[in-house]
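These notes are about the structure you will find just below.
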Amino acid sequence: MKYILFVLLFCTKLSYGQEKNTKGILAFKPEFRLYGIIPNSFGDNYLSKANKPKIGIGMNFDCIELKHFQVGIGYEHINYTVTDITKAGNINNSVYTSLYGKMGYEIKLSNNFNLKPYLGIGSAKLKFKSEDRNFGHQDGTNYRIGFNTNYKLTQLISAFAGVSYIYSKYKINTSPEFVSFYDNSKTIQLNIGVKIN
């Protein structure tokens, strides 16, 4: 969370230098999204085979426009309930979090409707919990590709829905025959929320 605040402050500071120069290469164009996540993990891996996802929450902030490409950061948090203790061990919940950077390009389809494909990369963390006890975590990197469709409700607020594919690769130290099961996750996410600009 400290990193998100740092980037928000940095983008705010950068805006003062870019406020008057909207025709340049770099411009300040803030957009904030808050959304619910409906995750669907798949493949032969720990999240898919031993967990059931709950509705997650995400937010992202695009603050810089660079030659029509919008650059920003995001954060996502998804809780999972363990469904197979033979694969998960003595834990009840898995928690997936990600802090990522992304770049997107807005395609205007009408005055009120647009499409925004994007690519992103960031950190992934998978925590293991039972009630109030923590059982460690796995760190890794995630890669994402997706798009949002935005519908303008007012001058400042839009509703949006989107789909993203996220591949996460984790650091793991286990027997070689188990590595491919625990070192990755693949998720298709449906994201629904609001955008403020």
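The values are calculated or read from the model by the stated rules, or taken from the named source; none is laboratory data. Just so you know, these numbers come straight off a predicted model, no measurement behind them. Here the Cβ positions follow ideal geometry from the backbone for every residue, glycine too, while neighbour counts run over all protein chains shown. Surface areas here come from the heavy atoms of the whole protein model, side chains and all, with no ligands, DNA or RNA. Shrake-Rupley method; radii C 1.70, N 1.55, O 1.52, S 1.80 Å.
Quick check on my filter: what residues within region 36-50 are assigned to a strand (DSSP E or B) and open to solvent by 10 Å² or more (accessible area, probe 1.4 Å)?
Of everything in region 36-50, those that are assigned to a strand (DSSP E or B) and open to solvent by 10 Å² or more (accessible area, probe 1.4 Å) turn out to be G36, I38, P39, N40, S41, F42.
Please state which of the following conditions S110 fails to meet, knowing it meets all the rest: (1) among the small types (G, A, S); (2) part of a strand (DSSP E or B); (3) open to solvent by 30 Å² or more (accessible area, probe 1.4 Å).
Tallying (1) among the small types (G, A, S); (2) part of a strand (DSSP E or B); (3) open to solvent by 30 Å² or more (accessible area, probe 1.4 Å), S110 fails exactly one: (2).
Residue by residue through region 124-146, note down the ones that are touching a residue at least 24 places away in the same chain (Cβ under 8 Å), surrounded by fewer than 15 Cβ atoms within 10 Å (Cβ to Cβ) and on the phi < 0 side of the Ramachandran plot.
If the condition is that a residue be touching a residue at least 24 places away in the same chain (Cβ under 8 Å), surrounded by fewer than 15 Cβ atoms within 10 Å (Cβ to Cβ) and on the phi < 0 side of the Ramachandran plot, then S130, D139, I145 are the ones that fit.
Against the condition open to solvent by 20 Å² or more (accessible area, probe 1.4 Å), modelled with pLDDT of 95 or more and aliphatic (A, V, I, L, M), how does L99 come out, does it pass?
So L99 fits the description; yes.
Can you find even one residue in region 172-191 that is in contact with a helix residue (DSSP H, G or I) (Cβ under 6 Å, 6 or more places away or on another chain), of a type in the set (A, V, I, L, M), at negative phi and open to solvent by 20 Å² or more (accessible area, probe 1.4 Å)?
Yes, the conditions are met somewhere in region 172-191.
Going by what's in this entry, would E31 be described as within 24 Å of N142 (Cα to Cα), part of a strand (DSSP E or B), modelled with pLDDT under 95 and of a type in the set (D, E, K, R)?
So E31 fits the description; yes.
Within 16 Å of A161 (Cα to Cα), open to solvent by 50 Å² or more (accessible area, probe 1.4 Å) and part of a strand (DSSP E or B) - does that describe any residue in region 56-70?
yes
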